[in-house]
Amino acid sequence: MQDRRGSSSSQSGRGIGPSVGRVGSGLAALLLAAAVVGVIAVGNRVGRNPLSQYSPSAAADPPVGTASPESPAASAPPVVLSPSASAQAPSAIPNARAADRPGVPVEVRQRTWIAEAIDATPGSDGRSVAVAGIEGTTARSILPAGELGLAADGGLVVSAVIGDGGSQLLIRDVESGRLLTTLRTPVLATRGLLVGRRLFWTGPGDPSRTVDAGVWTADLATPAPAPSAVTDPVAELSRFGANVERGPLLGSPSGRTLMATIGGLSARRLEIVDVASLTVRSALDDLVPIAITDDRVLTVAGRTMALQDLTTGRRIWSLRADLVYSAVADPSGRGFVVGIDLDGRYLIEEVSTSTGSVRRILAQDHRGASAVSYLCPELSSFDHLVLVPEPALGEALGVAVGTARASVFERATGRLQRNAFKVGGS
């Protein structure tokens, strides 16, 4: 065990590191205001402002969500094809024949992932597109250009086409690429999360991004999913300062708890939602979250990673970390596995929620000859940690049709199997 308790007041910042996924200007400002040093894994979108890609007429016709929690998606009811689904909406581009892949632990098979990778088709000019897949198989769908990938879970992928009057959300089957249903929302949906068959989304209320729309939800297991508001919009945004933006939606491993973030240069606010009752349990101020359980939130500020109580915001412990990349929460709530930089090395560590004690799982030297493998939360379980050759899955894939090699670390035994299986490709 190692103990490296520290305080952010004793650490000096060195700026925000290279982007892991899409970090918009507002969220980047949010991280800067929190003195976050390095990278927070906020999905696998690469460098585009989602509101700058769509014209006001984009939502006129269909084509109108990050890591999903370890929810009981396999037992969730199927999505029923709604009469409102437009036959004109394009299908995603699937693999021709999906097949099983060897080397994938049973515990992480069938996890549905979403990433943003480079569109390699002729004339794409290096733009990015959303791609979704099912771990342990070759099932993979590339979404049409111009759709913003929001969420994936249980074999489904959700995307958005945004217009000046809101968004149209499109729900597709990953394996076939087939459009299952659509729904319209007044939100300019830029963030999403699937918990089983319940979809949550959030974003601005207008293209100026000066109006908040709150958090919304729909039950995709119903024949005609109907949007409904979960939280009230935040009416007064000036207290957050400049560049206000909705951050990623985070879910607990049980799927019972959802966290929504809004913030800017001056302040941040976290809303904790009970998924069963669709009510706000509590709200916390001025924290930058990495991962949650049903009663704790892992946060980062400066060169400090800390654990806070979800109800009171009370700090339970803090640890020094130069960069925080990602975290995987224990479904039982006993700990987190985190991927961090510390003193020139990339470390994967298990941290106890109750005491903050640290168990070193894997250490890799950035200055060494060997390439670093990074913890990939969307492919991992707490007991089977999946590592990829880049900090974000989309970067590891490279292009939408690309393939990444994944290694597997068994947390309990310490066994590392390098290049255990492939992700993406065909």
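Structural remarks
- Selection from the stretch 383-410 of residues that are assigned to a strand (DSSP E or B) and of a type in the set (Asp, Glu): Glu410
- When Arg269 is tested against the conditions (1) open to solvent by 20 Å² or more (accessible area, probe 1.4 Å); (2) of a type outside the set (S, T, N, Q); (3) assigned to a loop (DSSP other than H, G, I, E, B), the lone failure is (3).
- Those residues of the stretch 283-334 which are surrounded by 18 or more Cβ atoms within 10 Å (Cβ to Cβ), of a type outside the set (A, V, I, L, M), within 21 Å of the chain's Cα centre (by Cα) and within 21 Å of Leu265 (Cβ to Cβ), in sequence order: Pro289, Thr299
- Listed conditions (1) surrounded by fewer than 22 Cβ atoms within 10 Å (Cβ to Cβ); (2) over 29 Å from Thr257 (Cα atoms); (3) polar (S, T, N, Q) are all met by Ser128, apart from (1).
- A single entry from Arg172, Arg178 fulfils the requirement of being of a type in the set (D, E, K, R) and crowded, with 22+ Cβ neighbours inside 10 Å: Arg172.
- Flag if Gly149 is of a type outside the set (Phe, Trp, Tyr), surrounded by 21 or more Cβ atoms within 10 Å (Cβ to Cβ), touching a strand residue (DSSP E or B) at 6+ places or on another chain (Cβ under 9 Å) and not in a loop (DSSP other than H, G, I, E, B): yes
- Filter result for the condition that a residue is over 20 Å from the mean Cα position of the chain (by Cα) and open to solvent by less than 10 Å² (accessible area, probe 1.4 Å), over Thr121, Thr185, Thr137: Thr185
- Per-region count, the stretch 193-217, residues open to solvent by less than 50 Å² (accessible area, probe 1.4 Å), out of contact with any helix residue (DSSP H, G or I) (no Cβ under 9 Å at 6 or more places or on another chain) and over 21 Å from Ile272 (Cβ atoms): 2
- Scanning the stretch 164-214 for residues that are touching a Lys or Arg at 6+ places or on another chain (Cβ under 8 Å), in a loop (DSSP other than H, G, I, E, B) and hydroxyl-bearing (Ser, Thr, Tyr) turns up just one, Thr190.
- Failed item in (1) in contact with a Gly (Cβ under 8 Å, 6 or more places away or on another chain); (2) open to solvent by 10 Å² or more (accessible area, probe 1.4 Å); (3) under 17 Å from Thr138 (Cβ atoms), with Phe421 passing the rest: (2)
- Residues (hydroxyl-bearing (Ser, Thr, Tyr), at pLDDT 95 or above and touching a helix residue (DSSP H, G or I) at 6+ places or on another chain (Cβ under 9 Å)) located in the stretch 218-268: Thr261
The values are calculated or read from the model by the stated rules, or taken from the named source; none is laboratory data. Just so you know, these numbers come straight off a predicted model, no measurement behind them. Counting neighbours? That spans all protein chains shown, and the Cβs are built from the backbone with ideal geometry, glycine included. Please note that ligands, DNA and RNA were not included when accessible areas were found on the heavy atoms of the full protein model with its side chains. Shrake-Rupley method; radii C 1.70, N 1.55, O 1.52, S 1.80 Å.
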